[in-house]
Amino acid sequence: VLAERSVAITQQSLDLARERLRVTTIGSDGGKIPRSEIPAVLQIIATREEDVLNGELGVLDRSIALRRAAGMPIGAGELGLRVATDLDTKDEPIDLGQLVERAYAASPELAQLAKQDARATIDIAVTENGLLPQLDAALSFGPTGSATTFGQSWKNLVELKTISIGGSLTFSQSLGQNEVRGRAREQRELKQKLVVSAFDLRAQIAQTMTRAVAQIELARRRVMLSQRAIDLANENIKIEIDRFNLGKSTNFDVLNRQEDLRQAELRKSQALIDWHKAEIVVQALTGDILPMYGIALE
(Lines give C-alpha, C1' and ligand atoms only; values in the text may rest on other atoms or scores of the structure.)
Protein backbone atom coordinates (compact mmCIF):
# COMPACT_ATOMS: atom_id res chain seq x y z
CA VAL A 1 0.00 0.00 0.00
CA LEU A 2 2.83 2.39 0.84
CA ALA A 3 4.52 1.61 -2.47
CA GLU A 4 1.28 2.30 -4.34
CA ARG A 5 0.73 5.55 -2.47
CA SER A 6 4.29 6.66 -3.22
CA VAL A 7 3.76 6.07 -6.94
CA ALA A 8 0.45 7.96 -6.87
CA ILE A 9 1.99 10.92 -5.06
CA THR A 10 4.97 11.03 -7.44
CA GLN A 11 2.63 10.77 -10.44
CA GLN A 12 0.65 13.72 -9.07
CA SER A 13 3.87 15.68 -8.71
CA LEU A 14 4.79 14.75 -12.29
CA ASP A 15 1.40 16.02 -13.49
CA LEU A 16 2.03 19.32 -11.70
CA ALA A 17 5.43 19.62 -13.37
CA ARG A 18 3.91 18.91 -16.79
CA GLU A 19 1.29 21.55 -16.18
CA ARG A 20 4.08 23.89 -15.21
CA LEU A 21 5.82 23.11 -18.48
CA ARG A 22 2.63 23.81 -20.44
CA VAL A 23 2.13 27.18 -18.76
CA THR A 24 5.78 28.10 -19.15
CA THR A 25 5.81 27.14 -22.82
CA ILE A 26 2.72 29.24 -23.53
CA GLY A 27 4.27 32.19 -21.69
CA SER A 28 7.52 31.77 -23.55
CA ASP A 29 5.80 31.63 -26.92
CA GLY A 30 3.98 34.82 -26.01
CA GLY A 31 7.21 36.53 -24.99
CA LYS A 32 6.21 36.95 -21.36
CA ILE A 33 8.49 34.23 -19.93
CA PRO A 34 12.11 33.69 -20.98
CA ARG A 35 12.84 30.32 -22.55
CA SER A 36 15.56 29.82 -19.94
CA GLU A 37 12.78 28.82 -17.54
CA ILE A 38 11.90 25.72 -19.58
CA PRO A 39 15.00 23.51 -18.95
CA ALA A 40 14.46 23.51 -15.19
CA VAL A 41 10.94 22.13 -15.70
CA LEU A 42 12.14 19.54 -18.21
CA GLN A 43 14.76 18.35 -15.75
CA ILE A 44 12.18 17.86 -13.00
CA ILE A 45 9.84 16.06 -15.40
CA ALA A 46 12.59 13.64 -16.38
CA THR A 47 13.43 13.02 -12.73
CA ARG A 48 9.80 12.45 -11.81
CA GLU A 49 9.27 10.05 -14.71
CA GLU A 50 12.22 8.02 -13.49
CA ASP A 51 10.83 8.09 -9.95
CA VAL A 52 7.47 6.81 -11.22
CA LEU A 53 9.14 3.94 -13.08
CA ASN A 54 11.18 2.98 -10.02
CA GLY A 55 8.07 3.24 -7.88
CA GLU A 56 6.12 0.91 -10.17
CA LEU A 57 8.97 -1.58 -9.93
CA GLY A 58 8.75 -1.24 -6.15
CA VAL A 59 5.03 -2.01 -6.24
CA LEU A 60 5.74 -5.13 -8.28
CA ASP A 61 8.49 -6.19 -5.89
CA ARG A 62 6.26 -5.75 -2.83
CA SER A 63 3.43 -7.60 -4.61
CA ILE A 64 5.66 -10.60 -5.26
CA ALA A 65 6.90 -10.52 -1.65
CA LEU A 66 3.31 -10.48 -0.42
CA ARG A 67 2.38 -13.36 -2.70
CA ARG A 68 5.28 -15.39 -1.34
CA ALA A 69 4.42 -14.59 2.28
CA ALA A 70 0.75 -15.52 1.77
CA GLY A 71 1.47 -18.64 -0.26
CA MET A 72 -0.13 -17.22 -3.41
CA PRO A 73 0.95 -18.30 -6.90
CA ILE A 74 3.73 -16.38 -8.65
CA GLY A 75 3.99 -16.54 -12.42
CA ALA A 76 2.80 -15.12 -15.71
CA GLY A 77 -0.31 -13.07 -15.08
CA GLU A 78 0.09 -13.55 -11.33
CA LEU A 79 2.51 -10.87 -10.22
CA GLY A 80 1.00 -7.50 -9.35
CA LEU A 81 -1.51 -7.03 -6.53
CA ARG A 82 -3.88 -4.26 -5.54
CA VAL A 83 -4.80 -4.07 -1.89
CA ALA A 84 -7.83 -1.99 -0.91
CA THR A 85 -6.94 -0.58 2.50
CA ASP A 86 -8.41 2.35 4.37
CA LEU A 87 -5.44 4.29 5.71
CA ASP A 88 -7.37 6.69 7.90
CA THR A 89 -6.48 6.62 11.59
CA LYS A 90 -9.01 6.05 14.34
CA ASP A 91 -9.35 8.70 16.97
CA GLU A 92 -10.10 6.31 19.81
CA PRO A 93 -8.82 6.46 23.41
CA ILE A 94 -6.23 3.83 24.28
CA ASP A 95 -6.13 2.23 27.74
CA LEU A 96 -2.61 0.85 28.03
CA GLY A 97 -3.26 -0.98 31.30
CA GLN A 98 -6.29 -2.79 29.91
CA LEU A 99 -4.45 -3.72 26.73
CA VAL A 100 -1.52 -5.16 28.70
CA GLU A 101 -3.85 -7.27 30.85
CA ARG A 102 -5.62 -8.56 27.74
CA ALA A 103 -2.25 -9.41 26.23
CA TYR A 104 -1.35 -11.39 29.36
CA ALA A 105 -4.61 -13.32 29.14
CA ALA A 106 -4.17 -14.02 25.42
CA SER A 107 -0.52 -15.07 25.59
CA PRO A 108 -0.10 -18.79 24.80
CA GLU A 109 3.43 -18.66 26.24
CA LEU A 110 2.18 -17.45 29.61
CA ALA A 111 -0.55 -20.10 29.58
CA GLN A 112 2.03 -22.79 28.90
CA LEU A 113 4.27 -21.54 31.72
CA ALA A 114 1.29 -21.51 34.10
CA LYS A 115 0.52 -25.12 33.21
CA GLN A 116 4.15 -26.11 33.74
CA ASP A 117 4.18 -24.30 37.08
CA ALA A 118 1.08 -26.16 38.27
CA ARG A 119 2.61 -29.46 37.23
CA ALA A 120 5.87 -28.57 39.01
CA THR A 121 3.96 -27.80 42.21
CA ILE A 122 2.39 -31.26 42.14
CA ASP A 123 5.74 -32.92 41.43
CA ILE A 124 7.34 -31.13 44.38
CA ALA A 125 4.54 -32.19 46.72
CA VAL A 126 4.80 -35.83 45.59
CA THR A 127 8.58 -35.89 45.88
CA GLU A 128 8.70 -34.19 49.28
CA ASN A 129 6.06 -36.60 50.54
CA GLY A 130 8.67 -39.33 50.15
CA LEU A 131 10.92 -37.50 52.60
CA LEU A 132 8.40 -37.65 55.44
CA PRO A 133 8.59 -40.36 58.13
CA GLN A 134 5.85 -42.98 57.96
CA LEU A 135 3.74 -44.02 60.97
CA ASP A 136 1.27 -46.87 60.45
CA ALA A 137 -1.31 -47.82 63.09
CA ALA A 138 -3.32 -51.09 63.07
CA LEU A 139 -6.14 -52.04 65.46
CA SER A 140 -8.20 -55.26 65.66
CA PHE A 141 -11.28 -55.89 67.82
CA GLY A 142 -13.69 -58.80 67.89
CA PRO A 143 -15.19 -61.76 69.78
CA THR A 144 -13.26 -64.99 70.31
CA GLY A 145 -14.28 -68.51 71.21
CA SER A 146 -12.08 -70.15 73.78
CA ALA A 147 -13.01 -73.40 75.64
CA THR A 148 -11.98 -77.02 76.16
CA THR A 149 -14.45 -78.27 73.55
CA PHE A 150 -15.47 -77.11 70.14
CA GLY A 151 -19.09 -76.73 71.03
CA GLN A 152 -18.29 -74.64 74.07
CA SER A 153 -15.93 -72.48 71.98
CA TRP A 154 -18.67 -71.85 69.42
CA LYS A 155 -21.11 -70.98 72.11
CA ASN A 156 -18.71 -68.48 73.67
CA LEU A 157 -18.10 -66.88 70.24
CA VAL A 158 -21.79 -66.47 69.48
CA GLU A 159 -22.68 -65.17 72.93
CA LEU A 160 -19.72 -62.71 72.86
CA LYS A 161 -18.50 -63.99 76.19
CA THR A 162 -14.85 -63.33 75.27
CA ILE A 163 -13.52 -60.26 73.44
CA SER A 164 -10.08 -59.88 71.89
CA ILE A 165 -8.42 -56.50 71.28
CA GLY A 166 -5.10 -56.13 69.48
CA GLY A 167 -3.11 -53.27 68.00
CA SER A 168 0.23 -52.31 66.48
CA LEU A 169 2.11 -49.08 65.79
CA THR A 170 4.88 -49.09 63.16
CA PHE A 171 7.27 -46.16 62.60
CA SER A 172 9.58 -46.09 59.57
CA GLN A 173 12.12 -43.50 58.44
CA SER A 174 14.36 -43.88 55.39
CA LEU A 175 18.01 -43.13 55.98
CA GLY A 176 20.05 -40.90 53.67
CA GLN A 177 17.47 -40.07 50.99
CA ASN A 178 20.07 -38.09 49.03
CA GLU A 179 18.52 -38.96 45.70
CA VAL A 180 15.05 -37.89 46.78
CA ARG A 181 16.34 -34.71 48.39
CA GLY A 182 18.30 -33.86 45.25
CA ARG A 183 15.27 -34.43 43.05
CA ALA A 184 13.12 -32.25 45.31
CA ARG A 185 15.73 -29.47 45.22
CA GLU A 186 15.92 -29.72 41.43
CA GLN A 187 12.16 -29.46 41.14
CA ARG A 188 12.04 -26.42 43.41
CA GLU A 189 14.72 -24.73 41.30
CA LEU A 190 12.76 -25.59 38.19
CA LYS A 191 9.65 -24.02 39.64
CA GLN A 192 11.63 -20.90 40.53
CA LYS A 193 12.95 -20.78 36.97
CA LEU A 194 9.39 -20.93 35.68
CA VAL A 195 8.46 -18.01 37.93
CA VAL A 196 11.40 -15.97 36.63
CA SER A 197 10.57 -16.89 33.02
CA ALA A 198 6.94 -15.86 33.47
CA PHE A 199 8.01 -12.55 35.03
CA ASP A 200 10.40 -11.86 32.16
CA LEU A 201 7.80 -12.82 29.57
CA ARG A 202 5.22 -10.53 31.12
CA ALA A 203 7.80 -7.74 31.04
CA GLN A 204 8.46 -8.42 27.36
CA ILE A 205 4.74 -8.35 26.56
CA ALA A 206 4.27 -5.11 28.50
CA GLN A 207 7.28 -3.56 26.79
CA THR A 208 6.09 -4.54 23.31
CA MET A 209 2.58 -3.29 24.01
CA THR A 210 3.84 -0.02 25.46
CA ARG A 211 6.08 0.56 22.45
CA ALA A 212 3.22 -0.21 20.04
CA VAL A 213 0.84 2.16 21.83
CA ALA A 214 3.50 4.86 21.84
CA GLN A 215 4.04 4.35 18.12
CA ILE A 216 0.31 4.67 17.52
CA GLU A 217 0.21 7.99 19.38
CA LEU A 218 3.34 9.21 17.62
CA ALA A 219 2.05 8.21 14.19
CA ARG A 220 -1.25 9.96 14.88
CA ARG A 221 0.58 13.19 15.67
CA ARG A 222 2.80 12.76 12.62
CA VAL A 223 -0.30 12.47 10.44
CA MET A 224 -1.67 15.73 11.87
CA LEU A 225 1.64 17.54 11.38
CA SER A 226 2.04 16.16 7.86
CA GLN A 227 -1.46 17.29 6.92
CA ARG A 228 -0.64 20.75 8.22
CA ALA A 229 2.55 20.72 6.11
CA ILE A 230 0.50 19.68 3.06
CA ASP A 231 -1.93 22.54 3.54
CA LEU A 232 0.93 25.02 3.94
CA ALA A 233 2.73 23.58 0.90
CA ASN A 234 -0.35 24.10 -1.26
CA GLU A 235 -0.60 27.70 -0.08
CA ASN A 236 3.10 28.27 -0.75
CA ILE A 237 2.73 26.87 -4.27
CA LYS A 238 -0.01 29.38 -5.02
CA ILE A 239 2.06 32.20 -3.56
CA GLU A 240 5.14 31.16 -5.52
CA ILE A 241 3.15 30.94 -8.78
CA ASP A 242 1.81 34.45 -8.17
CA ARG A 243 5.35 35.69 -7.58
CA PHE A 244 6.46 33.93 -10.76
CA ASN A 245 3.69 35.62 -12.75
CA LEU A 246 4.89 38.95 -11.38
CA GLY A 247 8.43 38.16 -12.44
CA LYS A 248 9.71 37.94 -8.87
CA SER A 249 10.32 34.19 -8.85
CA THR A 250 11.53 31.41 -11.11
CA ASN A 251 10.27 28.00 -12.13
CA PHE A 252 12.99 26.50 -9.96
CA ASP A 253 11.36 28.11 -6.91
CA VAL A 254 7.89 26.92 -7.95
CA LEU A 255 9.14 23.40 -8.50
CA ASN A 256 10.83 23.42 -5.08
CA ARG A 257 7.47 24.29 -3.52
CA GLN A 258 5.89 21.40 -5.40
CA GLU A 259 8.64 19.11 -4.12
CA ASP A 260 7.85 20.25 -0.57
CA LEU A 261 4.26 19.19 -1.18
CA ARG A 262 5.36 15.77 -2.46
CA GLN A 263 7.60 15.16 0.54
CA ALA A 264 4.83 16.18 2.97
CA GLU A 265 2.40 13.76 1.30
CA LEU A 266 4.98 10.97 1.41
CA ARG A 267 5.58 11.61 5.11
CA LYS A 268 1.85 11.46 5.78
CA SER A 269 1.55 8.14 3.93
CA GLN A 270 4.49 6.70 5.88
CA ALA A 271 2.94 7.88 9.16
CA LEU A 272 -0.37 6.22 8.23
CA ILE A 273 1.40 2.95 7.43
CA ASP A 274 3.36 3.10 10.69
CA TRP A 275 0.08 3.66 12.55
CA HIS A 276 -1.44 0.55 10.99
CA LYS A 277 1.66 -1.53 11.71
CA ALA A 278 1.59 -0.53 15.37
CA GLU A 279 -2.15 -1.27 15.52
CA ILE A 280 -1.50 -4.75 14.10
CA VAL A 281 1.06 -5.39 16.87
CA VAL A 282 -1.56 -4.47 19.48
CA GLN A 283 -4.17 -6.70 17.84
CA ALA A 284 -1.73 -9.59 17.65
CA LEU A 285 -0.83 -9.28 21.34
CA THR A 286 -4.47 -9.13 22.46
CA GLY A 287 -5.52 -11.96 20.14
CA ASP A 288 -7.95 -9.76 18.18
CA ILE A 289 -6.23 -9.89 14.80
CA LEU A 290 -7.60 -13.23 13.58
CA PRO A 291 -11.26 -12.62 14.55
CA MET A 292 -11.10 -9.25 12.77
CA TYR A 293 -10.51 -11.14 9.52
CA GLY A 294 -13.04 -13.85 10.27
CA ILE A 295 -10.45 -16.51 11.10
CA ALA A 296 -11.28 -18.92 13.92
CA LEU A 297 -8.87 -21.52 15.32
CA GLU A 298 -9.95 -24.38 17.53
Accessible area per residue of the chain at 1.4 Å probe, in Å²? 67
Suppose a student asked you for the relative contact order of the chain, using Cα pairs under 8 Å spaced at least 6 residues apart; what percent would you report? 23
Give me the distance in nm between label points sitting 7 Å out from Cα along the Cα-to-Cβ direction at residue 186 and residue 87, one decimal. 5.9
Trypsin sites (Lys or Arg not before Pro) within the range 196-264, DSSP loop, no more than 13 other Cβ atoms inside 10 Å: 248
Loop-only trypsin sites (Lys or Arg not before Pro) in the range 42-90, please: DSSP not H, G, I, E or B, and at most 11 other Cβ atoms within 10 Å. 82, 90
So, R0 is 41 Å and r is the distance between the beta-carbons of residue 54 and residue 96; what FRET efficiency does that work out to, to 0.05? 0.55
Gain in span if fully extended, residue 42 to residue 171, counting 0.36 nm per residue against the direct Cα distance: 36.0 nm
A chain fully extended from residue 134 to residue 196 at 0.36 nm per residue, minus the present Cα-Cα distance, gains in nm 18.8 nm
Put 24, 170, 89 in order of accessible area, largest first, 1.4 Å probe: what do you get? 170, 89, 24
Find how many whole Å separate the alpha carbon centroid of the range 82-125 from the alpha carbon centroid of the range 1-63. 48
222 nm mean residue ellipticity, helices alone, for the chain (DSSP H n ≥ 4; -39,500 (n - 2.57); rounded to 500): -25000 deg cm²/dmol
Take every DSSP beta bridge whose two residues both sit in the chain, then give the antiparallel share in percent to the nearest 5. 100
Return, ordered by residue number, the residues of the range 242-277 whose backbone nitrogen is under 16 Å from a label point located 7 Å along Cα→Cβ of residue 8. 262-274, 276
Label point distance in nm, residue 221-residue 32, each placed 7 Å from Cα along Cα→Cβ: 4.6
Heavy atoms of residue 42: accessible area, 1.4 Å probe, square angstrom to 10: 90
The range 96-124 residues near the modelled residue 288 label - backbone nitrogen below 13 Å, point 7 Å along Cα→Cβ: 96-103
Among the chymotrypsin sites (Phe, Trp or Tyr not before Pro) in the range 200-298, which ones are in a DSSP loop with at most 15 other Cβ atoms within 10 Å of the Cβ? Mind listing them? 293
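The values are calculated or read from the model by the stated rules, or taken from the named source; none is laboratory data. Fair warning: this is a prediction, and the values are worked out from it, not measured in the lab. Don't worry about glycine lacking a Cβ; one is built from the backbone with ideal geometry, like all the others, and counts go over all protein chains shown. Ligands, DNA and RNA are excluded from the accessible area calculation, which covers all protein heavy atoms including side chains. Shrake-Rupley method; radii C 1.70, N 1.55, O 1.52, S 1.80 Å.
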